[in-house]
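This report refers to the structure that appears directly beneath it.
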Amino acid sequence: MGRRLPVILVVGGGVVGLGVARDLARREADVTLVDRDDLGGTTTGRSHGLLHSGARYATTDEESARACAREARVLKRIAGAAIRETGGLVVALPDDPANAVERRLAACERCSIPAERVGPEGARAIEPALTDRIDGAVAVPDAVVSPARLAAAVAAGAERAGATLEPNAPVTAIETAGGRVETVVAGGRRFDVDAVVNATGAWADRVAGLAGGSVPLAPASGAMVGVDRPVGTVLNRCRPPDDGDIVLPRAVGEETVVGTTSRPTPDPDDPPRDGDEIERVLRAGRALVPDLPTEDVRPYWGVRPVVGDDGDTGDRTATRDFRVIDHGARDDVAGLTTVVGGKLTTYRRMAAAVGNHLAGRHGLTDESGTAEWPLPGHDDPARLDELVDRYGTRGPADGRPDPLAASQG
Ligand SMILES: Cc1cc2nc3c(=O)[nH]c(=O)nc-3n(C[C@H](O)[C@H](O)[C@H](O)COP(=O)(O)OP(=O)(O)OC[C@H]3O[C@@H](n4cnc5c(N)ncnc54)[C@H](O)[C@@H]3O)c2cc1C
């Protein structure tokens with residue numbers, strides 16, 4: 001008789017949950033993924049779509065910078081058709097800290113991120129839309145990714161590996177027996193499980209709470225604006241991350257995105273949003289690209305699942321790295337694991353960390369090999385767009401209007 005496979009339910013169909021489903025299915029677990037909505041996630045479909053080279057975090061969060069650098073290289077290999085190779089410029093303006101370019105170059109070198117000094121004229125030759133008030137710039141291998149295409153490719157990869165995907169199935173209860181998770185109620189159905197992975201991002205504390213666990217989350221919302229002023233390069237300010245200091249092209253289409261802000265957000269379903277915030281983002285963006293339009297701007301909002309120690313406020317000093325939380329150790333709820341934090345860019349590494357965590361406990365293969373195996377449609381944009389339609393992964397980050405904008409204050 002064949003070995004009984006461990007039954008694992010993944011909660012959350014954003015890029016992280018989909019990545020976990022693919023990873024665990026490839027390690028031969030019996031995997032079902034549920035999401036309360038369509039697949040493709042909430043925050044996943046509401047990011048900038050910057051495939052971080054790591055340069056943005058190199059001066060403030062070296063661990064995240066190194067992780068982004070490694071994972072961006074992996075994603076270019078396994079998901080090429082979801083990515084547009086734009087290159088990036090980290091631009092120092094006269095208001096930015098003294099020696100900003102030298103400090104960024106040194107930090108990139110420490111993090112093994114290829115980086116090259118570019119003078120003001122060289123920077124404007126790379127990106128003609130740039131302001132002429134430039135002190136200097138650093139050229140880095142930033143790129144842009146379509147969150148919809150990436151999530152759809154990962155969803156197809158998870159199904160191909162044997163996972164079952166169940167959208168529109170909100171988890172409303174997690175029942176335990178003898179201190180272990182036993183049954184999950186999702187979309188009115190009961191799932192008997194050996195383990196649950198909570199990959200619900202900014203909702204992770206709520207979902208862990210259904211089993212009596214908790215997650216030290218400090219969700220932080222960010223506003224972004226889509227405008228019709230094409231740029232060809234990812235532009236970052238050469239200063240610690242601040243409002244409106246990213247301007248970048250979308251991976252698909254002609255729109256440019258300007259972002260973002262960072263505001264504490266107690267309810268991730270209802271991020272604070274107002275016109276002043278949008279104006280602030282655009283004003284800051286105009287410091288980099290002076291002729292950003294004032295008319296016909298398309299705002300959208302996302303909520304970062306920022307995780308830290310209990311008591312973190314989720315401000316910009318909190319790490320952008322991720323945590324795998326074993327709720328058996330943290331809350332005496334065995335069989336429940338949360339993965340949270342990180343970036344779109346690092347979803348695969350987060351998923352592999354969950355797989356490594358569960359492998360020994362459930363007799364799974366040690367290695368999932370997801371860094372080596374290309375995703376379905378990796379070399380075929382048209383195939384990826386079919387998958388986007390099939391899984392319904394298109395969100396505001398891929399140009400779908402944000403319903404939250406209708407109720408902007
Ligand atoms: C403003 C902003 C800009 C960003 N820009 C970038 C960027 O340029 N590059 C980058 O790499 N990263 C970026 N990020 C970070 C990145 O978007 C996130 O880290 C990543 O998308 C999180 O994915 P996730 O799967 O954890 O969460 P999500 O995509 O939010 O997925 C969580 C899922 O859980 C589901 N869920 C919640 N509750 C339940 C329930 N009870 N039952 C079932 N399902 C449930 C939700 O429906 C959702 O689909 C940005 C984030 C923000 C906020």
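Residues considered: Gly17, Gly335, Gly360. Largest GNM mean-square fluctuation over the chain, using C-alpha springs under 10 Å, is found at Gly360.
From the square roots a ≥ b ≥ c of the eigenvalues of the alpha-carbon gyration tensor of region 356-409, which class results: rounded (a/c under 1.5), prolate (a/b over b/c), or oblate? In terms of gyration-tensor shape, oblate.
Under 5 Å between amide hydrogens, built in the peptide plane, is the criterion, and for Thr261 it picks out Ala223, Gly244 among residues at least 5 positions away or on other chains.
Residues His327, His52, His362, ranked from the fewest to the most other C-beta atoms within 10 Å, line up as His362, His327, His52.
Assign one of three labels to region 284-403, namely rounded, prolate or oblate, based on the Cα gyration tensor with a ≥ b ≥ c the square roots of its eigenvalues; rounded applies when a/c is under 1.5, prolate when it is not and a/b is larger than b/c, and oblate otherwise. Oblate, because a/c is 1.5 or more while a/b does not exceed b/c.
Would you mind ranking Glu295, Glu109 by Cβ crowding within 10 Å, fewest neighbours first?
On the way: Glu295 6, Glu109 12.
Ordered by Cβ neighbours within 10 Å, fewest first: Glu295, Glu109.
Highest mobility in the GNM of the chain, judged by mean-square fluctuation with C-alpha springs under 10 Å and restricted to Arg133, Arg22, Arg394, is found for Arg133.
Short-range pairs are left out: with C-alpha atoms under 8 Å and at least six residues apart, the relative contact order of the chain is 25 percent. Relative to the longest principal axis of the Cα atoms of the chain, helix 347-362 runs at roughly 20 degrees. Taking a ≥ b ≥ c as the square roots of the Cα gyration tensor eigenvalues, with a/c under 1.5 meaning rounded and otherwise prolate when a/b beats b/c, else oblate, which class fits region 1-63? Oblate. Take every DSSP beta bridge whose two residues both sit in the chain; close to 70 percent of them are antiparallel.
Here the Gaussian network model covers the chain, with springs between Cα atoms less than 10 Å apart; of Gly222, Gly201, Gly119, Gly119 fluctuates the most. The long axis of helix 147-160 is offset from the longest Cα principal axis of the chain by roughly 30 degrees. Placing +1 on the Cβ of each Lys and Arg and -1 on the Cβ of each Asp and Glu in the chain, which of Ala173, Pro376, Val196 has its Cα farthest towards the positive end of the resulting dipole? Positive-end residue among those listed: Pro376.
When each of the peptides 336-347, 365-376, 26-37, 73-84 is scored by the mean number of other C-beta atoms lying within 10 Å of its residues, the order from highest to lowest reads 336-347, 26-37, 73-84, 365-376. The ratio of the alpha-carbon radius of gyration of the chain to the globular-protein estimate 2.2 N^0.38 Å is 0.96.
Readers should treat all values here as calculations from the given coordinates under stated rules, not as data from a laboratory. All values reported here derive from a predicted model rather than from experimental measurement. Neighbour counts run over all protein chains shown; Cβ positions are idealised from the backbone, glycine included.
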